[in-house]
Amino acid sequence: MHRREFVTLASAAALGAGVSSVSAQSASSTPLLKPMEVGLLIAPYDDPEERFRRVHDLGFSNCFLSLDGYLGHFTPQLAAQFRELLGKYELVATAVEVVGPPPLIWDFLHGPSTIGLVPPSTRAARMDALHQVSDFARLLDIAQVQTHCGFIPENPADPLYPQAVEAIRSVAERCLSNGQFFLMETGQETPTTMSRMIRDVGMTNLGVGLDTANLILYGKANPVDAVDIIGPHVRSMHAKDGRWPTDPDKLGEEVLIGTGLVDFRQVFAKLHRLGYAGAVTIERETSGPQQIKDVRQEKQYLEQILQSELG
């Protein structure tokens, strides 16, 4: 039997047992989320309790954990601390993500050689980082691991393409062994290329983390149209807004939700029809008091649309 066929069949069987087991464990210890419940992306460094408390105080029930600051320090003690804080503030952690280690340059000139699992020079270190965070997430019963896989070549004959396939498959296999989905975050590649990668990797636990703004910021697609291509594979969502790039060297501008080009009403409606039941995670790339003010406004904006669309 061809290796990919074997891995696909094996992953289907293991995923049914592994991921459902993790979900059952999580459900027994944390409150269940409503479909498309609004959450918040946080990077809980320096003062983790303050970050988790802020999520609770802003009225969220769930959070997405960006954990690059802990690379090399994913200890059982840290997992115990996070578990205690999640319980204390009645929060569900929906996914974990790492994108490092550096270098990471978020533009069109240097991004292709520094972001994700595509660049050969950093590939092994990035795979190791994802293995680390997958093992850590297992300690917390978190069933989704996400990252940017990078500027996946549009041309499948590019020598980097099969290398990326093998790297992504390796990480997906590690996640599978931990009862998790491995999610590719949208951004650097077109939806068609991401769809091809899912097919070629051939793992049933490989899915998509839909970042609504990134598709626009990188000039790759309108997120409403992208859902027609990758929608069935979407298992997490970053709610973010933005505008198209006008400088060919720089990404487009991320802006306050509701002031950019993302049509959230159509995105939500299409995902709902496809049966998407995951969180809608706000990611606002500002900081300080302005970020808190923006997040409050974005939460209200998104919840009004969701109430209108889903009832």
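Return only the number of the condition from (1) charged (D, E, K, R); (2) touching a residue at least 60 places away in the same chain (Cβ under 8 Å); (3) closer than 21 Å to HIS148 by Cβ; (4) surrounded by 19 or more Cβ atoms within 10 Å (Cβ to Cβ) that LYS299 does not satisfy.
(3)
Looking at region 144-161 only, could you name the residues that are more than 29 Å from LEU32 (Cα to Cα) and surrounded by 22 or more Cβ atoms within 10 Å (Cβ to Cβ)?
Within region 144-161, CYS149, GLY150, PHE151, ILE152 meet the criteria.
What is the residue count in region 173-195 for residues that are free of Cβ contacts under 8 Å to residues at least 60 places away in the same chain and under 20 Å from LEU140 (Cβ atoms)?
Selection size over region 173-195: 3.
Name the residues in region 107-127 that are of a type outside the set (A, V, I, L, M, F, W, C), outside any helix (DSSP H, G or I) and within 17 Å of ARG169 (Cα to Cα), would you?
GLY116, PRO119
Name the residue, out of GLU37, GLU90, that is on the phi > 0 side of the Ramachandran plot and in contact (Cβ under 8 Å) with a residue 40 or more places away in the chain.
That would be GLU90, the only listed residue that is on the phi > 0 side of the Ramachandran plot and in contact (Cβ under 8 Å) with a residue 40 or more places away in the chain.
Looking for something closer than 26 Å to SER134 by Cβ, surrounded by fewer than 20 Cβ atoms within 10 Å (Cβ to Cβ) and without any contact (Cβ under 8 Å) to a residue 60 or more places away in the chain - is there at least one such residue anywhere in region 239-261?
So far as region 239-261 goes, no, none of its residues is closer than 26 Å to SER134 by Cβ, surrounded by fewer than 20 Cβ atoms within 10 Å (Cβ to Cβ) and without any contact (Cβ under 8 Å) to a residue 60 or more places away in the chain.
Show the residue pairs that are 6+ apart or on different chains and have beta-carbon atoms under 8 Å apart, the first residue being within region 112-127 and under 17 Å from VAL145 (Cα atoms) and surrounded by 19 or more Cβ atoms within 10 Å (Cβ to Cβ), the second being of a type in the set (D, E, K, R) and modelled with pLDDT of 95 or more.
Going by the 8 Å Cβ cut-off, the qualifying pairs are GLY116/ARG126; LEU117/ARG123; LEU117/ARG126.
Here are the criteria: (1) surrounded by fewer than 24 Cβ atoms within 10 Å (Cβ to Cβ); (2) at negative phi. Tell me which single one ASP141 does not satisfy.
In the conditions (1) surrounded by fewer than 24 Cβ atoms within 10 Å (Cβ to Cβ); (2) at negative phi, ASP141 misses (2) alone.
The values are calculated or read from the model by the stated rules, or taken from the named source; none is laboratory data. These numbers come from a predicted model, not from an experiment. A quick note on method: Cβ atoms are made from the backbone with ideal geometry, for glycine too, and the neighbour counts reach across all protein chains shown.
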